[in-house]
Amino acid sequence: MKQNWTMSSLAFGVLSTALATGQNYAYGNIGNDFDGADVVIGNVAGTSRPDMILVAMEDATNVARYIFLRDLADDGRPAARLPSQWHTIATPLGGEQDGLGAALTELNGNSRPDLVVAVLDVGNPANAFRWIVAFDLGPDGSYTSLSPIHSFSGLGDTADGVGVAIGNLDNDPRPDMILMGLDVGGPYEEFRYRVGLNLNAAGQPSNWTDIQFIATGLTEADGAGCALANLDSDPRPDLVLTCYDDPSGPNRFVSYVGYNLDARGRSIQWETLSSHFVGLHGSENGDGQPEGAGIAVTNLDSDPRLDLAFVANDPGNPANFFSVDFRRNFIGSSSPFGSGCRSPGTGAPGIRVAPATRPREGDALTIQVTDATAYQAGALLFGIGAAPAPFDLSVFGLVGCTHYVPGAQVPLFGLPIAASTSFYIPGGNDGLRLHFQGLAFGAGGIALTGRLDVIIGNG
Ligand SMILES: [Ca+2]
Ligand SMILES: [Ca+2]
Ligand SMILES: [Ca+2]
Ligand SMILES: [Ca+2]
């Protein structure tokens with residue numbers, strides 16, 4: 001049995017700290033007609049700070065241009081734009097594009113980052129994804145050489161946006177590439193993607209997975225992107241899909257997360273991230289129509305909650321610019337601390353936020369205790385605010401055991417197989433810090449988990 005507890009009825013004063021915040025920057029003057037855009041954040045320059053690359057497809061010449069922004073500060077502001085204008089990927093990528101995506105990886109074995117840029121080309125050959133690798137980016141973002149153009153058909157006939165994400169999904173350490181198109185084939189737009197598994201040194205996969213379809217219910221999206229990151233307590237990568245929805249009225253980024261992709265790129269659990277409204281400067285319906293959009297997931301600051309960059313290429317006047325909207329500390333976090341114990345015995349049960357969920361205000365937070373099958377009863381200890389000092393329980397004969405959370409306690413349900421307790425986190429608790437420790441006892445003796453530190457987000 002699982003019972004919900006309302007955190008507001010248990011809380012004694014809300015101790016919100018850093019609120020998730022939005023910050024918007026514009027990077028402009030790169031031309032005036034584009035067919036797709038994306039954002040990549042990674043470590044290119046080799047310093048301790050992340051770097052950001054903004055990529056767009058120039059319509060007249062069909063070449064990709066990118067802006068390199070070095071050493072992002074905690075607020076997402078770069079230390080330098082190198083060079084002051086843009087880099088150009090000199091090889092034309094096709095004749096007519098419906099979107100562009102980009103991702104960073106390392107393909108050719110020299111530990112210098114390689115930038116993959118893909119478009120959906122509706123020209124020649126028809127409706128093919130075409131991608132190229134700009135190898136070995138230097139500290140100013142410039143590349144050293146280019147791969148041949150690769151192409152692949154079979155994802156759809158039209159696209160209102162394209163994304164690329166690269167990570168590792170299977171047991172082969174070579175990188176796996178997700179190619180995504182936001183397709184308008186039916187009454188509603190849908191994300192479609194396939195995985196090119198195990199890229200070789202030139203950026204060509206060894207084989208492709210089946211198409212995955214993610215419905216949106218949207219009809220007016222312009223521009224889309226995707227990113228791989230880990231958003232939950234299961235270490236397998238999660239896929240974030242986003243698009244810029246511009247119906248009449250306010251425009252917003254609409255985003256979806258598919259948790260814990262398997263080796264074929266499939267997720268059995270999809271849900272939406274919080275939408276947020278970002279007005280652009282173009283003319284459609286007074287709130288802007290982008291020529292491309294993208295997303296990047298990173299962590300800029302000492303707050304462990306992930307920071308997301310939502311980017312659109314805005315057809316401003318007279319020249320296009322990138323609108324970069326950082327949602328800092330958007331995704332609630334959970335971090336284990338210390339270690340648990342069993343008495344008698346060795347090892348310890350684990351504690352985690354339920355996989356495929358995020359600690360989020362206005363939502364249920366489920367804390368699970370794992371590996372506690374020897375016990376018949378238990379409690380979940382919890383505290384709010386700064387973590388207290390640990391207390392060593394050896395003085396009571398529990399050698400190797402530590403009491404981390406001397407706050408309140410609620411029952412732990414579902415022992416011995418599926419121990420968990422759920423709390424409802426009301427709205428207005430973005431930034432709330434919580435600490436948990438599991439306690440289980442019975443015929444097997446007594447066991448304590450380590451501490452789990454949770455920070456609530458609003459994403
Ligand atoms: Ca390289
Ligand atoms: Ca792989
Ligand atoms: Ca995951
Ligand atoms: Ca953060």
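Things worth noting here:
- Derived scalar couplings between HN and Hα for the stretch 330-344 equal 7, 9, x, 10, 9, 10, x, 9, x, 9, x, 7, 10, 9, x Hz in order, rounded to whole Hz, by the Karplus curve 6.51 cos²θ - 1.76 cosθ + 1.60 (θ = phi - 60°), x for Gly and Pro.
- Counting beta carbons within 10 Å around each of Leu308, Leu439 and listing the fewest first gives the order Leu439, Leu308.
- Cβ-placed point charges (K, R +1; D, E -1), dipole of the stretch 31-330 about Cα centre in debye, nearest 20: 740 debye
- Counted charge near Thr144, where neighbours are those whose Cβ lies closer than 9 Å (Asp, Glu -1; Lys, Arg +1): 0
- Across the stretch 66-154, Cα-Cα distances exceeding 23 Å account for 31% of all pairs.
- Scattering profile of the chain at q = 0.09, 0.10 Å⁻¹ [log10 I(q)/I(0), Debye over alpha-carbon scatterers]: -0.62, -0.75
- Counting only Cβ charges, +1 for Lys and Arg and -1 for Asp and Glu, the dipole size of the stretch 13-164 around its Cα centre is about 460 debye.
- Using θ = phi - 60° and Karplus 6.51 cos²θ - 1.76 cosθ + 1.60, couplings along the stretch 391-401 (whole Hz; Gly, Pro as x): 10, 6, 8, 4, 5, 9, x, 8, 5, x, 9
- Amide H contacts under 5 Å for Thr402: Leu393, restricted to partners 5 or more places along the chain or on a different chain, H placed in the peptide plane at 1.01 Å from N.
- Computed packing ranks the peptides 85-91, 423-429 as 423-429, 85-91, most packed first, by mean other Cβ atoms within 10 Å.
- Per-residue Karplus couplings for the stretch 28-44, computed as 6.51 cos²θ - 1.76 cosθ + 1.60 with θ equal to phi - 60°, are listed in order as x, 6, 10, x, 9, 8, 10, 10, x, 7, 7, 10, 10, 10, x, 9, 9 Hz, Gly and Pro entered as x.
- With N as its number of residues, the stretch 29-186 has a Cα radius of gyration that, divided by 2.2 N^0.38 Å, comes to 1.02.
- Remark: the stretch 272-373 carries a charge dipole of roughly 620 debye about the Cα centre, counting +1 on each Lys and Arg Cβ and -1 on each Asp and Glu Cβ.
All of the numbers you see were taken from the coordinates with simple rules; none came from a lab. Not measured: the values here are computed from a predicted model. So basically every Cβ, Gly included, is an ideal-geometry build from the backbone, and we count neighbours across all protein chains shown.
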